[in-house]
Each structure stands twice: as C-alpha cells, then as structure tokens.
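Student: Sharing a structure here in structure tokens format.
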Amino acid sequence: MIRLIEGLLANRVAANLLMVFLLVAGFFSLTALNVRIFPQIETRQISITVPYPGATPEDVENSIVL
C-alpha cells in the first residue's frame, strides 16, 4: 500500500488519471443505482372526482360513495 502511495506521489499524471477513472466509474454506477433502488411499480388504483357543490361530507358519502 505504501508503494502505491509513493508511486502516485511521484507520478502526478497517474494520480490524476486514477481520479478521473474513479469519478467516471462513480457517475456510471450512480445512474445504474437508481434503477435498482427505485423499481417501476404499477399501481392498480383509480381516482374518481365528482363535483357536488354545496354538499356536506355526509351527503357525499351517502349519495355518491355508497
């Protein structure tokens, strides 16, 4: 490990290339990570909106929902 650090300190180009490689690899892995963490889920729900002006919540429940 110490040899690797000494080699990178002696050769700045190699250290910069390693940094660029790690940044690019991190960017590509980050874009793939969203697919694995948040999969597409189909929900089987229907939302229905019915306007009933001037009605109380009890009226809506008794007249429309039931």
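Student: If you take P(r) over Cα pairs in 5 Å bins from 0, in percent from the coordinates, which of (1) 4, 18, 26, 19, 11, 7, 7, 6, 1; (2) 3, 12, 10, 9, 7, 7, 6, 6, 6, 5, 5, 5, 4, 4, 6, 5, 0; (3) 4, 15, 25, 26, 16, 8, 4, 2, 1, 0 do you get?
Tutor: Only one listed value fits the structure, namely (2).
Student: Quick one: which of 9-20, 48-59 comes out on top by average Cβ neighbours within 10 Å, and what's the full order, highest first? Can you show the working numbers first?
Tutor: On the way: 9-20: 10.8, 48-59: 7.7.
By packing density, highest mean first, the sequence is 9-20, 48-59.
Student: How much accessible area per residue does the chain have, counting only protein heavy atoms and a probe of 1.4 Å, in square angstrom? Don't skip to the end; give the middle numbers.
Tutor: On the way: 6810 Å² over 66 residues.
For the chain, the solvent-accessible area averages 103 Å² per residue.
Student: Could you tell me what percent of the accessible area of the chain is made up of carbon and sulfur, with a 1.4 Å probe and every protein chain present?
Tutor: Numbers: 4410 of 6810 Å².
Answer for the chain is 65 percent, counting heavy atoms of protein chains only.
Student: Right, here's the next one. Among Pro51, Phe21, Leu9, whose Cα sits farthest toward the positive end of the charge dipole of the chain (+1 at Cβ of Lys/Arg, -1 at Cβ of Asp/Glu, about the Cα centre)?
Tutor: Sorting the options by dipole projection puts first Leu9.
Student: Let me spell out the model: positive unit charges on the Cβ of Lys and Arg, negative unit charges on the Cβ of Asp and Glu, origin at the Cα centre of the chain. What dipole size does that give, in debye rounded to 20?
Tutor: Working: 4 positive and 5 negative charges, 153 e Å.
Using Cβ point charges on Lys, Arg, Asp and Glu, the chain gives about 740 debye.
Student: Any chance you could run the full-extension gain for Arg12 through Gln40? It's 0.36 nm times the residue separation minus the Cα-Cα distance, nm to one decimal.
Tutor: Details: separation 28, 0.36 × 28 = 10.08 nm, distance 4.39 nm.
The Arg12-Gln40 span can extend by a further 5.7 nm.
The values are calculated or read from the model by the stated rules, or taken from the named source; none is laboratory data. What you see is a predicted model; the values in this text were computed from it and never measured. Glycine also receives a Cβ, built like all others from the backbone with ideal geometry; neighbour counts cover every protein chain displayed. Note: accessible area is taken over every heavy atom of the protein model, side chains too, but ligands, DNA and RNA are not part of it. Shrake-Rupley method; radii C 1.70, N 1.55, O 1.52, S 1.80 Å.
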